[in-house]
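The values are calculated or read from the model by the stated rules, or taken from the named source; none is laboratory data. These numbers were taken from a predicted model, which means no experiment stands behind them. Cβ placement follows ideal geometry from the backbone for every residue including glycine, while neighbour counts extend to all protein chains displayed. Heavy atoms of the whole protein, side chains included, go into the accessibility calculation; ligands, DNA and RNA do not. Shrake-Rupley method; radii C 1.70, N 1.55, O 1.52, S 1.80 Å.
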Amino acid sequence: MSTDTIATRFGSGQSVARIEDPALVAGAGRFTDDVSVPGQSFLVFLRSPYAHARISGIDTAAAKALPGVITIVTGADLVAAGAKPLGSQPVFPGPGGSPAPQTPRHAIAVDRVRYVGEVVAAVVADTPDQARAARDAIGVDYEDLPAVATIDDALADGAPKVWDDAASNVAAAMRHGDAAATDAAFAKAAHVIALDLVNQRLAPTPLEPRAVLGSFDAGKVTLRMSSQMPGGVRDTLCNEVFGWPTDKVRVVVGDVGGGFGMKTGAYPEDIVVAYCTHALQRPVKWTAERGEEFLSTGQGRDLRSHAELALDADGRILALRVRSNANVGAYATTVGVLIQLLIGPWVSTSVYDIPAIDLQLQAVLTTTTPTGAYRGAGRPEAIYIIERLMSEAARRLNLDPAELRRRNFIRPEQMPYTSPMAQTYDSGRFGEIQRQALELADWAGFDARAAGSKQRGKLRGRGLATFLEWTSGNVFEERVTVQVSGDGWIEVFSATQAMGQGIATSYAQLVVDVFGVPLDQVRIVQGDTDRGTGFGSAGSRSAFVGGSAVKVASERTVDKAKELAADALEVAAADVEYAAGEFRVAGTDRRIGLFDLAAKQPDRQVFVDSTSAVQAPSWPNGSHVCEVEVDPDTGEVAVVAYASVNDVGRVINPKIVIGQLDGGAVQGIGQALCEQVVHDRESGQLLTGSLMDYALPRVDIVREFKTRLDQSTPCLTNPLGVKGVGELGTIGATPATVNAVIDALARAGAAERAAQLQMPLLPERVWRALHGAA
């Protein structure tokens, strides 16, 4: 089979069937909880029932006497063993430039708990039932302390402090932009649009909960776990918590049932499993129950903003002003603070040419679960703010929402464009992307569809979001190894991590591009820190950074093999050509196969260890159009049409990319219409602690997607020309859906009340906005 034929069937640009799927659909996947080892013990956690309390005593005597109990570990035990707490964010100052308060997070609470679900003790026993019985027999004396579960309560005068030695509950503060220029722009503005906006707290809720299986052999701890960043987990355990040599810890990751940013980094539970495994020198396993995940897993969003947009008489934007407070929970983690105070602001002006900005942001401590990365990580919040402002401005100026956006787009001739946040966009044709989206959605035919909805007793609305996002995780380097075996296969190892997104298939297609061999001769391996370490998968970087590294490593392997082939064929390397798994001497019939060449090497392989980097972030962008029907009698919202055009640069596998976009959009619609983490204001108790209370989007939340990929503008910062895609759909769907609901209510005469709606747009909220009910 020729190289061209192989590439046409299996290479990039083709919708190749996912190589991961046969094992998964046959039930042969290897998720962490599927794995058991001889002599395995079981760990369970005792968690705090209080949002804020002092621990005055822990009595484990009765629990230790129960059958099957191997050990019980408290926070004091970990401290005595030398385990250090996870540090608080070191990047941003406190309010007014003061030093940021320190919020060290012990893996098991020491003296004080600060959110419901914080770990108080760990029990290891021979069986799960024995471990649970012992957990329930532990006696803990708590002194209840006042809780502050909301941003407003945490910032109120005289509010109880989450951390006694902090000046207030403000963990960090940041200001971006030019305040004087922004004030001057607002002073001369013909129109000022102001909105109070809430991005509610969300629970990531992947299908597979967290799980960790520790084992010990020859002085080395191996953790098998569900993680997006195995290298990051290992480094945290070794460098930050225990001081162990990194070659004494191995992290292995098999199949991952969804991550969405929530499975990045080391959790307290991971630390405790590692400690118990090391101390007991025997296997220890912990699998989270769903209720534990709602209580203790990093949550997303939770941002309250007052946003203002200044425009001239022609609807051109003069300035953007935003004041935001982010609830980062009880511990100011680096990721939790960075997302809201820097990463989100990077995209605050989005696709619009906005001359001046003034962003003031605070990270606020509360007695709730700490926040962290969740699909989009700061960018959904920022894009929601600007897209809500744009649609509200269009309504008040009596302009078509698409026209107002057109007037303010960054033009292609302005590329490369540097935003007020000093971020450089390498490419983008935002006006053209929106034009295609309006065509795909039949924007011009909306009135006829609205009339049909009216005949059925429904209110129809349409919403638009045209936007961009930033990808890479701000880590541009990745390591890849390539092994060409004399047994007839090519194995590629990457430190990025599969988590259901089909990245192994995409990598295999890139290998086919370079080597010209059939797909079934390519193996992709990930998730083993003994094989190699890197940043992992987050920030939509796997194809953009990791895929580029696979391409470069494969090309370097061909170059190395070409030199070996030249020696074997006794010619100069410059005379050797490679195609379709075979080296040939130009102008002759002398040749040697790639795998035959590998078999001739002393170790029967050609091996390359390659590290490479992309130049800068990528800036995928899109235009999403949502249409909804609202039942005026109940307030129920139905998404009846959803169309999007997405500039993700060069596409490796169209089917996988569209799946990422549509799946992401469902999560974005979920935020718009149904999802919300709720805590009791007085006690700090979690009120949405199960799938009976926390409303996830279901398959029927949207009727159909029309999704188009635009590949006419490749990314200029990486050798593949790709742009990250994993979070794009989520970022656009939330504002598009909310704008559609508000449009439906505005057309029914409830524009002012609709503009005050906050997510999630539950039927009762929509009904009250429509009918003016208090």
Can you tell me which residue is most open to solvent (accessible area, probe 1.4 Å) among those in the stretch 408-424 that are assigned to a loop (DSSP other than H, G, I, E, B) and under 17 Å from A616 (Cα atoms)?
P416
List every residue pair whose Cβ atoms sit under 6 Å apart, with the two residues 6 or more apart in sequence or on different chains, where the first one lies in the stretch 294-318 and is over 29 Å from A211 (Cα atoms) and the second, anywhere, is among the basic types (K, R) and not in a strand (DSSP E or B).
G315/R407; R316/R407
When the stretch 24-58 is checked residue by residue, the ones that are touching a residue at least 60 places away in the same chain (Cβ under 8 Å) and of a type in the set (A, V, I, L, M) are L24, V35, V37, L43, V44, L46, A51, A53, I55, I58
Scan the stretch 191-200 and give yes if some residue there is part of a loop (DSSP other than H, G, I, E, B) and either open to solvent by 60 Å² or more (accessible area, probe 1.4 Å) or under 17 Å from G329 (Cα atoms) (or both), otherwise no.
no
Scanning the stretch 77-111 residue by residue, those acidic (D, E) and out of contact with any strand residue (DSSP E or B) (no Cβ under 8 Å at 6 or more places or on another chain) turn out to be D77
With respect to F535, determine if the residue is out of contact with any Phe, Trp or Tyr (no Cβ under 8 Å at 6 or more places or on another chain), closer than 30 Å to V253 by Cβ and open to solvent by less than 20 Å² (accessible area, probe 1.4 Å).
no
Taking the stated definitions as given, is E143 under 32 Å from the mean Cα position of the chain (by Cα) and among the charged types (D, E, K, R)?
no
From the set of residues in the stretch 585-609 that are part of a loop (DSSP other than H, G, I, E, B) and open to solvent by less than 80 Å² (accessible area, probe 1.4 Å), which is nearest to I490 (Cα to Cα)?
Q601
Considering residues of the stretch 349-372 that are in contact with a strand residue (DSSP E or B) (Cβ under 6 Å, 6 or more places away or on another chain) and not in a strand (DSSP E or B) only, the residue surrounded by the most Cβ atoms within 10 Å (Cβ to Cβ):
T366
Could you tell me which numbered condition L237 fails, if it satisfies all but one of (1) open to solvent by 20 Å² or more (accessible area, probe 1.4 Å); (2) in a helix (DSSP H, G or I)?
(1)
Number of positions in the stretch 283-303 that are crowded, with 20+ Cβ neighbours inside 10 Å, among the basic types (K, R) and farther than 19 Å from G668 by Cβ:
1
Near pairs, Cβ below 7 angstrom, 6+ apart or cross-chain, from the stretch 133-161 (over 30 Å from L43 (Cβ atoms)) to any residue that is open to solvent by less than 30 Å² (accessible area, probe 1.4 Å) and not in a loop (DSSP other than H, G, I, E, B)
V148/A154; I151/N327; I151/V364; A154/V364; A154/L365; L155/V364
Could you grab me the full set of residues in the stretch 617-643 that are under 14 Å from K454 (Cβ atoms), among the charged types (D, E, K, R) and either surrounded by 24 or more Cβ atoms within 10 Å (Cβ to Cβ) or in contact with a helix residue (DSSP H, G or I) (Cβ under 6 Å, 6 or more places away or on another chain) (or both)?
E627, E629
Inspect the stretch 261-276 for any residue being closer than 30 Å to F409 by Cα and of a type in the set (K, R) and give the result as yes or no.
no
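Kindly provide the set of residues from the stretch 306-316 that are under 32 Å from the mean Cα position of the chain (by Cα) and open to solvent by less than 10 Å² (accessible area, probe 1.4 Å), ordered by number.
Selection gives A307, L309, A310.
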Given the stretch 695-774, what helices (runs of 4 or more DSSP H) lie entirely inside it while holding 1 or more residues that are within 22 Å of the chain's Cα centre (by Cα)?
728-747
Go through (1) out of contact with any Phe, Trp or Tyr (no Cβ under 7 Å at 6 or more places or on another chain); (2) not in a strand (DSSP E or B) for I58 and report which single condition fails.
(2)
May I ask you to list the residues in the stretch 244-282 that are open to solvent by 30 Å² or more (accessible area, probe 1.4 Å), at pLDDT 95 or above and among the aromatic types (F, W, Y)?
W244, Y275
What are the pairs, 6+ residues apart or on separate chains, where a residue within the stretch 378-389 that is of a type in the set (S, T, Y) has its Cβ under 6 Å from a residue that is assigned to a helix (DSSP H, G or I)?
Y384/T734; Y384/P735
Considering only the stretch 661-679, I want to know if a residue exists there that is within 17 Å of F544 (Cα to Cα) and crowded, with 21+ Cβ neighbours inside 10 Å.
yes
In the stretch 463-482, residues that are in a strand (DSSP E or B) and either without any contact (Cβ under 8 Å) to a residue 60 or more places away in the chain or over 16 Å from the mean Cα position of the chain (by Cα) (or both) total 11
Would you pick out the residues in the stretch 59-118 that are of a type in the set (S, T, Y) and touching a residue at least 60 places away in the same chain (Cβ under 8 Å)?
T60, T71, S88, S98, T103, Y115
So how many residues does the stretch 24-55 have that are assigned to a loop (DSSP other than H, G, I, E, B) and within 28 Å of V253 (Cα to Cα)?
12
Could you run through the stretch 690-736 and say how many residues are surrounded by 24 or more Cβ atoms within 10 Å (Cβ to Cβ), polar (S, T, N, Q) and within 21 Å of R462 (Cα to Cα)?
2
Picking from R405, R395, R388, R375, the residue that is assigned to a helix (DSSP H, G or I) and either touching a Cys at 6+ places or on another chain (Cβ under 7 Å) or open to solvent by 10 Å² or more (accessible area, probe 1.4 Å) (or both) would be R395
Can you report the number of residues in the stretch 61-98 which are of a type in the set (A, V, I, L, M, F, W, C), assigned to a loop (DSSP other than H, G, I, E, B) and open to solvent by 30 Å² or more (accessible area, probe 1.4 Å)?
4
Taking S48, is it modelled with pLDDT of 95 or more, among the small types (G, A, S) and either more than 32 Å from the chain's Cα centre (by Cα) or farther than 30 Å from V162 by Cα (or both)?
no
Might you check whether a residue that is assigned to a loop (DSSP other than H, G, I, E, B), modelled with pLDDT of 95 or more and open to solvent by less than 40 Å² (accessible area, probe 1.4 Å) occurs anywhere in the stretch 121-136?
no
Of the residues in the stretch 205-220 that are touching a residue at least 40 places away in the same chain (Cβ under 8 Å) and outside any strand (DSSP E or B), the one that is surrounded by the fewest Cβ atoms within 10 Å (Cβ to Cβ) is L207
